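The values are calculated or read from the model by the stated rules, or taken from the named source; none is laboratory data. Since the structure is predicted, the reported quantities are computational estimates derived from the model, not experimental observations. Cβ placement follows ideal geometry from the backbone for every residue including glycine, while neighbour counts extend to all protein chains displayed.
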Amino acid sequence: MQNWILDSLLRKAKFLGIRVVWSSELKQDTPPTASFKYRSVVMNENWHNPDEITFQLAHEIAHILTGDRYDSALYEQTFNHHALIEHKADLGAIELLLPYYCENVNSAIANSPDFVRLLHIPSHLTEDVTKLMSLYYEKKQTTHT
């Protein structure tokens, strides 16, 4: 499931004017990063768990889509700012990824643990996935009635 989603996210990034650079020079534990100012993402080809790369890319794209120019200044100021900025990107990543799952799974059998497992989303986001998935299906239902 992941390869076609990754390819689609790369096309979406290009369409949105977000440059994605893949580096093979980073250590296995060096996380990807995004620059709001330069609308670019650096992804780590050597990441120790390749299954996490799709969510990582969505997360980094979301930093650019949901961020603002003050994020980089606030990011290092306090843990609270850091956590809020990261959580906003996590939510944005989930919203970017939900259509790939929800358009292929009937709402009656869709479930957030399955989505989290399939896309290797950190398990602490399961409750957020549940809320956003419910909103996604509700919105889909209201636009089709």
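Values for this structure:
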read-out: Answer residue from the stretch 89-127, given it is charged (D, E, K, R) and surrounded by 16 or more Cβ atoms within 10 Å (Cβ to Cβ) and is farthest from Glu52 (Cα to Cα) among those; value: Glu95
read-out: Check on Ala110, assigned to a helix (DSSP H, G or I), modelled with pLDDT of 95 or more and not hydroxyl-bearing (Ser, Thr, Tyr); value: no
read-out: Selected residue [surrounded by 13 or more Cβ atoms within 10 Å (Cβ to Cβ), at pLDDT below 95 and over 15 Å from the mean Cα position of the chain (by Cα)] from His63, His81; value: His81
read-out: Long-range neighbours under 6 Å by Cβ, at least six apart or interchain, first residue closer than 15 Å to Leu65 by Cβ within the stretch 22-39, second in a loop (DSSP other than H, G, I, E, B); value: Phe36/Gly67; Arg39/Gly17; Arg39/Ile18
